[in-house]
Structures are given as C-alpha cells and as structure tokens.
Amino acid sequence: MDFNQINELELENVGSWPKPAKVVLALVMVVLLGVLGYYAVIQDSIKQLDNLKTKEVELKNEFERKYKLAANLPKYREQLALMEQQFSDLLTMLPTATEMPGLLDSVTYLATDSSLQIQSLNWRPEGKKEFYVEMPIEMKLTGGYHDFGSFASGVAGLPRIVSLHDFTMVRSDDELLQMSVTAKTYRFSEPKPENAKGAK
C-alpha cells in the first residue's frame, strides 16, 4: 500500500479498505478513545484520589493531635485544678471593698507601732487596670530611719498585698526624717460579661 492509495480511501466504505489501513484506523481510534477516556473519566478520578490522599493526611494529623490531647487530658485537668487553687489563694491576699477600712487601720497601727508620727493619710483616686483596681493611700510620716525600716517590714508582712511606692525622705531640723510615701493595695476587678457590653 502506498500513499496514493491512502488518498483514494473513502470513509463511507471502510470495509473495503486494505488490512493495513484498517489496522492504522483501529489504532488511531483506540488512541483517541484512550485520550478521551483519560480526560473524561480517569483525570477526574486521579484528582479525586489526590484530594482524598491529602484529606487522609490532614485527618491523620488531626487525629494524632487530638489523641495526644486526650492522652494528656488528666494532666491538663490536674494543672488546671492547681492553677485555679493558686489563683484562689492569690485572690485571698487581695482585700475586698469591705476590708479597706480595716486595712487602713492595720497600716496606721504599723506606723504608730514603729514609732512614726502620722502627719497625714489621704486616699487617692482608684486606678483601674485590666484585672484589678489599684487603691493608693498617700502618707506623710515623721520618724527615725530604723523606724521607717520597721514600718516597711511590717507592711510587707501584712496578710493582704500592700506595696510602698514613691518614697521621698527629707531630714528635718530636729534630726528626724520626714517621709512621703504612697501605699498601694489592690482588689480584684471582675471582668464584665460580653453580654453586658453588648447591651449598652
């Protein structure tokens, strides 16, 4: 069969074609069907398979992560209980609003017990922070150097948290020291619920 015979082949009469031409046509049809089948069916299936493999890896990773969390859950619960207990213990060191007068009495008692003379005590405006409220007391005291040390030590030993800030000391004419100091105590500020904020 030569190339001139190929030009004489008619598509309407494939049955009369020579055997080599029929074989070539059959091979072309098989290749075309294979290509069409690949793009129509197999390619989508391969993409689905790749997607499923990716999802399988993600699910395995998520399973491992959750398994580790579940395996450590008793430890996390113990840690949470310990942290809640520590937080509760720390809260007991912060005075409540009703304890403020008693705390002021304790501070003034410590000052007089340390042989200091109280010139003035003034509550300053509260300073609101994110989780607590700062309650400062401005104090002016007169006494000896060691008396101030005894007072500071006594304040540190109070069962409630009180800190001393902004010290200034000046020697007076009678050899005593005049000290200005701000004593700060703190109380827990309950966070406002989200619903209450939205209602405003």
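The values are calculated or read from the model by the stated rules, or taken from the named source; none is laboratory data. The model shown is predicted, which means the values in this text are computed figures rather than measured ones. Please note: Cβ atoms are built from the backbone with ideal geometry, for glycine as well, and neighbour counts cover all protein chains shown.
For the stretch 161-175, the criterion of being modelled with pLDDT under 85, under 26 Å from Asp89 (Cβ atoms), β-branched (Val, Ile, Thr) and outside the structural domain of Phe87 (by the TED database) is satisfied by at least one residue.
Restricting the stretch 54-89 to residues that are of a type in the set (Lys, Arg) and surrounded by 10 or more Cβ atoms within 10 Å (Cβ to Cβ), the residue that is nearest to Ile161 (Cα to Cα) is Arg77.
Per-residue answers, yes or no, for (1) touching a helix residue (DSSP H, G or I) at 6+ places or on another chain (Cβ under 6 Å); (2) among the hydrophobic types (A, V, I, L, M, F, W, C); (3) modelled with pLDDT under 85; (4) assigned to a helix (DSSP H, G or I):
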site: Lys66; (1), (2), (3), (4): no, no, no, yes
site: Asp89; (1), (2), (3), (4): no, no, yes, yes
site: Gly102; (1), (2), (3), (4): no, no, yes, yes
site: Ser106; (1), (2), (3), (4): no, no, yes, yes
site: Ser120; (1), (2), (3), (4): no, no, no, no
site: Met135; (1), (2), (3), (4): no, yes, yes, no
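Val133 meets all of the listed conditions (1) out of contact with any strand residue (DSSP E or B) (no Cβ under 6 Å at 6 or more places or on another chain); (2) surrounded by 11 or more Cβ atoms within 10 Å (Cβ to Cβ) but one, namely (1). Under 6 Å between Cβ atoms, which residue pairs at least 6 apart in sequence (or on different chains) link something in the stretch 108-136 that is free of Cβ contacts under 8 Å to residues at least 24 places away in the same chain with a partner that is of a type in the set (D, E, K, R) and not in a loop (DSSP other than H, G, I, E, B)? From residues that are free of Cβ contacts under 8 Å to residues at least 24 places away in the same chain, the pairs are Ser120/Lys140; Asn122/Glu138; Gly127/Glu134.
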